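Only one structure is covered here, and it is reproduced in the block below.
The values are calculated or read from the model by the stated rules, or taken from the named source; none is laboratory data. Just so we're clear, the structure is a prediction, and the values are computed from it rather than from any experiment. Note that each Cβ is placed from the backbone with ideal geometry, even for glycine, and that neighbours are counted across all protein chains shown. Ligands, DNA and RNA are excluded from the accessible area calculation, which covers all protein heavy atoms including side chains. Shrake-Rupley method; radii C 1.70, N 1.55, O 1.52, S 1.80 Å.
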Amino acid sequence: MNTQQKRYFLAEDDIPRQWYNIQADMVNKPLPPLNPATKEPLRPEDLFPIFAEELARQELNQTDAWIDIPDEVRDMYKYYRSTPLVRAYGLEKALGTPAHIYFKNESVSPVGSHKLNSALAQAYYNKKQGVTNITTETGAGQWGAALSYAAKVFGLECAVYQVKISYNQKPYRRSIMQTFGASVEASPSMSTRAGKDILTRDPANQGSLGTAISEAIELAVSTPNCKYTLGSVLSHVSLHQTVIGLEAEKQMAMAGEYPDVIIACFGGGSNFGGIAFPFMRHTILEGRATQYIAAEPASCPKLTRGQFQYDFGDEAGYTPLLPMYTLGHNFMPASIHAGGLRYHGAGTIVSQLLKDGLMKAVDIQQIESFDAGVLFARAEGIIPAPESCHAIAATIREANRCRETGEERVILFNLSGHGLIDMTAYDQYFAHSLQNYEVTDEQVAANLAKLEKVI
Ligand SMILES: *Cc1c(COP(=O)(O)O)cnc(C)c1O
């Protein structure tokens, strides 16, 4: 048996020239986001005060299956793309599985995760429109790092609200953002009304993505020539991430295989959509039988335990109402290390796909995720981000099932990022001081019951 890693790359000319918009091909389109004041379906213009206009149009585009990648963005993709598709012989051997395991390695981007694929696009469209300042939130700091770099590339000022727990757990991500020239503040902060409200109620509040989003939006709408950007959840973010799956499709063909199962970890859905949607196109249009599995943390289980309903994307309720699987925008996730997965809701596209049975979700406990990450690191030589460990854990579950049944299934997972800035988490794992956190159906129901039913 070959135990060498085998890697597949694309020639520069084969890097995608268009992103894939799955909304155009979906039989049941996602329900429209609603304007919270009027409860009317959102029009792109409603989003213009917050987002760059082109991004607002992409967000609501349900007709064009292919959207051109601007040359300026594609030229930046060439700095690190194509990313390798890797046959994980080492992991297969460690598991003794007949499954063929492949992973798409997005950790090779300059900032160490897939987030740069959308950050470059978002910074570009803002610059093109004449915007000078952009704001955002970040959890573990991956999105903040990506946007800080992208802002520098296109000559924009960038201000980031980082969730307080991560700001303290992962100080080097803050240093990275500052190195790229961004200003970074721990959220909740006293600099916005949303932050002040929370700190007044709960001075020890450790923050959440939902709260940080509220702060960043507030800054954007109160600062001249400033727009807000988001690193996940929204449809235009998944759109930009499809460059992952479009490349993987060509690379799998080079390997002479086609995936039976596609797996990604799930925070708001952008790396999942990025790798899955280009393949799902063949499921929708040609009936190709591929399984799609989103791996979420058991401590923040919106897909496996949440309810499908209209909810806000942020804690304070500044965003449009989104039709999604949610734990409630008031949900405070436990302080797990996979900061990028600590979000209460799922994107509208994924929510519709899950409702329609086109994909499924599994929940993974924190300790199982690190068991998987360490096994993977020892087999493949790459230390995965705590978020990516969830995808690896789900992959190992599938591969072990194949070992029992003897099936030679082809599994493709997305390695969304590396964990080299997350070694504190690994230290705690080795010291046996990591905890599992469970959220029960009763807790979710009680939390959702507190929210006003909007629809
Ligand atoms: C942000 C992040 C995620 C989760 O976000 P999605 O939008 O669900 O992809 C996963 N992995 C890494 C490394 C991240 O930085």
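Within straight-line reach of Lys115, meaning a Cα separation under 19 Å, sit the following lysines at least 8 residues removed in sequence or on another chain: Lys78, Lys104, Lys127, Lys152, Lys170, Lys227.
Distance between the modelled labels on Thr179 and Thr132, one decimal in nanometres: 2.9 nm (7 Å Cα→Cβ projection). Annotation for the range 265-319: chymotrypsin sites (Phe, Trp or Tyr not before Pro) lying in DSSP loop with at most 10 further Cβ atoms inside 10 Å of their Cβ do not exist. Estimated purely from DSSP H runs of n ≥ 4, each contributing -39500 (n - 2.57), the mean residue ellipticity at 222 nm for the chain is -12500 deg cm²/dmol once divided by its residues.
Distance between the modelled labels on Tyr172 and Met254, one decimal in nanometres: 2.9 nm (7 Å Cα→Cβ projection).
Restricting the GluC sites (Glu not before Pro) of the range 181-270 to loop positions (DSSP other than H, G, I, E, B) with no more than 14 neighbouring Cβ atoms within 10 Å leaves Glu257. Taking a straight Cα-Cα cut-off under 21 Å and skipping sequence neighbours fewer than 8 places away in the same chain, the lysines within cross-link reach of Lys29 are Lys39, Lys302, Lys355, Lys360.
Backbone phi angles across the range 113-127, fed through the Karplus curve with coefficients 6.51, -1.76 and 1.60 (θ = phi - 60°), yield HN-Hα couplings of 8, 5, 4, 5, 4, 8, 4, 5, 5, 5, 5, 4, 5, 5, 4 Hz in residue order; Gly and Pro are listed as x. Here the simple spin-label model places points 7 Å from the Cα toward Cβ, and for Val27 and Glu407 these points are separated by 2.2 nm.
At q = 0.11 Å⁻¹ the log10 of I(q)/I(0) for the range 344-431 amounts to -0.37, computed by Debye summation with a single uniform scatterer per C-alpha, solvent ignored. Taking 0.36 nm per residue of separation and subtracting the current Cα-Cα distance, fully stretching the chain between Gln291 and Ser222 would add 20.4 nm. Taking all protein chains together and a 1.4 Å probe, the residues Arg57, Arg87 rank Arg57, Arg87 from largest to smallest accessible area. Peptides 337-343, 350-356 ranked from most to least packed, by the mean per-residue count of other Cβ atoms within 10 Å: 337-343, 350-356. Normalising the Debye intensity of the chain to I(0), with uniform scatterers on Cα atoms only, and taking log10 at q = 0.06, 0.07 Å⁻¹ returns -0.22, -0.30.
A full extension of the chain between Gln5 and Glu452 corresponds to an added length of 155.7 nm, given 0.36 nm per residue minus the alpha carbon distance.
Working from Cα pairs under 8 Å separated by at least six residues, relative contact order for the range 208-271 is 35 percent. Using DSSP, restrict attention to beta bridges with both residues in the chain and report what percent are antiparallel, rounded to the nearest 5. Bridges in the chain that DSSP calls antiparallel: roughly 40 percent.
Based on the Stokes-Einstein relation at 25 °C and a viscosity of 0.890 mPa s, and on the Kirkwood radius from alpha carbon pairs, the range 18-69 is assigned a translational diffusion coefficient of 206 µm²/s.
At the listed q of 0.09, 0.10, 0.20 Å⁻¹, the Debye profile of the range 1-147, built from one uniform point per Cα, gives log10 I(q)/I(0) equal to -0.42, -0.51, -1.31. The charge dipole of the chain, taken about its Cα centre with unit charges on the Cβ of Lys, Arg, Asp and Glu (plus for the first two, minus for the last two), comes to roughly 400 debye.
Using a 1.4 Å probe, how large is the accessible area of Lys128, given in Å² and rounded to the nearest 10? Approximately 140 Å² for this residue.
Averaging 1/r across all pairs of distinct Cα atoms in the range 285-415 and inverting the result yields a Kirkwood radius of 15.9 Å. Straight-line reach only, C-alpha to C-alpha below 12 angstrom: list the aspartates and glutamates that Lys93 could link to, leaving out same-chain residues fewer than 8 apart. Hits, sequence-local ones excluded: Glu380. Computed over the alpha-carbon atoms, the range 99-140 gives an Rg to Rh ratio of 1.16, Rh here being the Kirkwood radius from the mean inverse distance.
The packing ranking of peptides 374-385, 143-154, highest mean first, is 143-154, 374-385, where packing means the average number of other beta carbon atoms within 10 angstrom of each residue.
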